[in-house]
Structure formats: C-alpha cells, structure tokens
Amino acid sequence: MNQRPELPRIMGLRDLVLLHVVAIVGLRWLLTAANIGPSSIILWLLAVLLFFIPQGLAVLELSSRLPEEGGIYVWTREAFGPLHGFICGWAYWVCNLIYLPSLIIFVAGNAVFILGKQYAGLADNVLYQVAFSLIILWLATGLNLIGLRSGRWVQNTGALANWIVVALLIILGVAAWNLGVGQNPFTAGALVPDLSGNSLGLWSSLCFALAGLELAVIMGGEVRDPARSLPRSILVAAPLIAGIYIVGTLAVLATFSTSGVDLVTGVVEAIGQAGELLGLPLFRIVGFMIVLAGLGGFSAWLAGSARIPFVIGLDRYLPSGLGRVHNRWGTPHVALLVQGVGASIFILLGALGSSVEEAYMVLVDTTIIVYFIPYLYLFLTLVSVRRRGIGAKRPVFTIPGGTPIVVIVAASGFATTVVSIVLATLPTEVATSPLWFFVKVVGGAVGLIAVGLVFYFRGLRSHR
C-alpha cells in the first residue's frame, strides 16, 4: 500500500465546528419537515435519539482511534478488508456526485429572490437551473483546487449565514405567533405522527438531514491535532445542529401554512411573507443569505468527498492518478476535477424528463440509499474496531459502558439506517409515475455500486 503524501494541516477547532454545521444543516430539510406538519417535531426527536446520537458516538470513537485522511473508508478497510472498504468509500463518493446537484438546485431556486420576488417563477426553469448549477459547481471546484486556505472561508461564511437565517425564522415565528397569525395548531393530536401517510416516508429524509458528522474526519490529514480536535468539534457542533433543526422547523410551522410549502423556495417565502406582515422587506436579504449558506455546504461536501477517491487512488483500487497532489497548492486536484466532471453529468441527467421538483426528489432519494450504505458499515465497524482494539491504544474518546453499550448504540444506528433505506424507495407525492420513480431511484443506486465493483476488480488485478 502506497504511503500517503502529506497534505497541509489547515483546519483548527473553529473551522471544524463551522464545517459540521454548514455541511449538515440544510435549510431545505426544514421545508421537508414542515411538509409533514407539527408531527415532524416528534419525528425529529426520534431521528436524533435513534440515529444522530448513535452516529455521533460512533464517529467520536472511530475518529479518536483512526484520525486519518479518508475517514470512513479507512475505518471500514481496517475492520473488514479492502473490498468492503472500497464499497463503503465508493458509495460515499458517488452519492455525493448525486447529492451535489440536488444541493445546487436548492441554491439556484433561492438565488432568484436576490433579483426580486417577481422573478420567483425562474426557479422552475430547467435551463436556468442547469446553467446556474454548472457555473457554481466549477466556481466551487476552482476555489477548492487552490486549497482549504481559501475554500474553508466559503464554508465558514456559509455556516454563519445558516445561523442568521434560522435566527430570522425564530424571531419572525415568535412575532407572527404573538400577533395571532400563526399558521399551524400545535395541539396534542397534531403532534402525533401519521405512520400510514407520507410523513413516514419522509422520515428517512430527516435522518439523512442529520447525517454527515464523518465528513470532517475524512479530511483528518488536513486538521491540526486531529485526534483531539475532531472529537471536540463533534461535541460542540452536534447539539447546535439538532437544536437548529428542531427550533427552525417550529419557526417555519409558525409562520407558513404547511399546505403551501415549496420544497425549494419555502424558507425565503416563509420569511418574506412574515416580513411583509411586519412591514419588513426581507426577500432579497434572505435569498442572499440562503445562497451563501448553500454555497458553504456545497463547498464542504465538494472538498470532503473528493478525499475519498484520492485515498482509494493511493491504494490503487481506483486509477492511481486520483492520488496525485498539486505541486503548488497541495490539493488532490485530479480527484477534484474528476468529481466536477461527474457532478456535471448528473446535473444534466437530473434535468431530463422530470419537473424540477420531481428531479430534486429523485436525486435526494437516490442519494439517501447510496449514502446510507457507508452508514451500515459505520456501525458494524464500530463494533469490530472496539472488539479488536484497532487504532490508537489510548484514544481521546471511547463510548462508556463497555461492549454491551457499544452493541446497543451500533444496533440502534444500523436498524434506523436500514429502515431509512427502505423508506427512501417509496415514491413521493411529486412523482408523476410511482413505478418509474421507484425504478429510477433503486436502479440508479444499484447501477452505481455495480460500476464501482468493476473498478475495484480491475484495480485488484493490477495489484496482483
């Protein structure tokens, strides 16, 4: 196995905390929750208890034991061997090729409000979506090619913009409620989830919204004192993330009728309409802040996910050129460029034969299925690494309570992940053809894994 080249250690604790927030907190998930209704608060709490906390504990211990560049790929490789490590890493990377276009669709839809409320209809224009997405994709790729010294400030600014938007939501939500113009009744009956309805299918989206604590660890080779900084950043960021989602959803429900929430532009509309009631022109300001937040999250995932093919390229299971580092900037430039090309292809494919909203949901559900495959490995790896004592002999953090507690944590996370994968295959209300929606989502996920296995076995033959 080739020795990894040294990458500049740029990120400190503050950068990591902001990276967690901007990468995981997606304002669009507040809209998904608002579409469910007041019962989404209970579903958020269940997702935090059954998935987010087990995820956080698993990443805390594994990042303390193996704080290496490549993160979840390296953990799985060390626990179960190169084949499973490759499947985990490949799934993580290719799901981001799908996720990145879905994130840009959200950003593009909200960017039109910077021009003015009268341009809101442009958000449904596929040509505009494609052109905007490609420009932003390659702008962010260029910044990350130069390195984290510049790229991290896009992420940090995005995290701050996230907080500003959520703060506005909370302030306006409280004001709207006090003025008696609140939209949704928070009665005991309204808080009970409808397990037979669309809300159950959308629960997998809420779990997906809480995923991503492992992203910063993938860049562990670029973190100062990673064995200490990574676990500490998770302990600081995790409560902030859960609080933003739950309180932010309450604010959206207080200011906006759930029957009118648009999955792409709903946050701007919620704040803008509440602002109009109070005589405040907020559409342009909020549109700009949401674009900054979206660009920060996009840059974070673009940078983090590119490290996976970089490390796999060093292991020679993908073309070795992916493991090259730029002589001047010290970045995995080949992996970033390949990722940019792949994401461009998915942007174009996602626009074919669907409405903008349906294309968005196909991308989201396919991403959920492929992205959660590494999470199945994450929880299995936690048990294996603890049992075999892999990694640091004295890790900064270990899950207290011994092996039984570790097994309970892993079982909760694993079971929730399986349920989320199954629920993600269910067609949503925006699907024009439920059968075709199912075929595109499941077929796309299976096809992506199959393509990866072709690369793996070709790389294995070259090894031999």
If the Cβ limit is 9 Å and pairs must be 6+ apart or interchain, which residue in region 47-66 that is closer than 20 Å to Arg77 by Cβ and modelled with pLDDT under 95 pairs with which residue that is assigned to a helix (DSSP H, G or I) and among the acidic types (Asp, Glu)? Leu66/Glu78
Out of all the residues in region 228-247, which are within 16 Å of Ala167 (Cα to Cα), in contact (Cβ under 8 Å) with a residue 24 or more places away in the chain and of a type outside the set (Phe, Trp, Tyr)? Leu240, Ile241, Ala242, Ile244, Ile246, Val247
Of all residues in region 67-90 being of a type in the set (Val, Ile, Thr) and surrounded by 24 or more Cβ atoms within 10 Å (Cβ to Cβ), the one that is modelled with the highest pLDDT: Thr76
Any residue at all in region 118-131 that's within 28 Å of Leu282 (Cα to Cα) and crowded, with 24+ Cβ neighbours inside 10 Å? yes
With a cut-off of at least 3 residues that are more than 30 Å from Pro395 (Cβ to Cβ), name the helices (runs of 4 or more DSSP H) lying wholly within region 36-112. 40-47
Just checking, does region 422-436 include any residue being modelled with pLDDT of 85 or more and closer than 23 Å to Gly70 by Cβ? no
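Condition check ((1) over 22 Å from Ile36 (Cβ atoms); (2) buried (at least 24 other Cβ atoms within 10 Å of the Cβ); (3) within 18 Å of the chain's Cα centre (by Cα); (4) modelled with pLDDT under 75) across all residues:
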site	(1), (2), (3), (4)
Ala242	no, no, yes, no
Ile246	no, no, yes, no
Leu253	no, yes, no, no
Thr258	no, no, no, yes
Asp262	no, no, no, yes
Gln273	no, no, no, yes
Leu280	yes, no, no, yes
Leu292	yes, no, yes, no
Scanning region 47-86 for residues that are of a type in the set (S, T, N, Q) and in contact with a Phe, Trp or Tyr (Cβ under 7 Å, 6 or more places away or on another chain), the one nearest to Ser384 (Cα to Cα) turns out to be Thr76
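The values are calculated or read from the model by the stated rules, or taken from the named source; none is laboratory data. Fair warning: this is a prediction, and the values are worked out from it, not measured in the lab. When we count neighbours, we look across all protein chains shown, and the Cβ atoms used for this are built from the backbone with ideal geometry, even at glycine.
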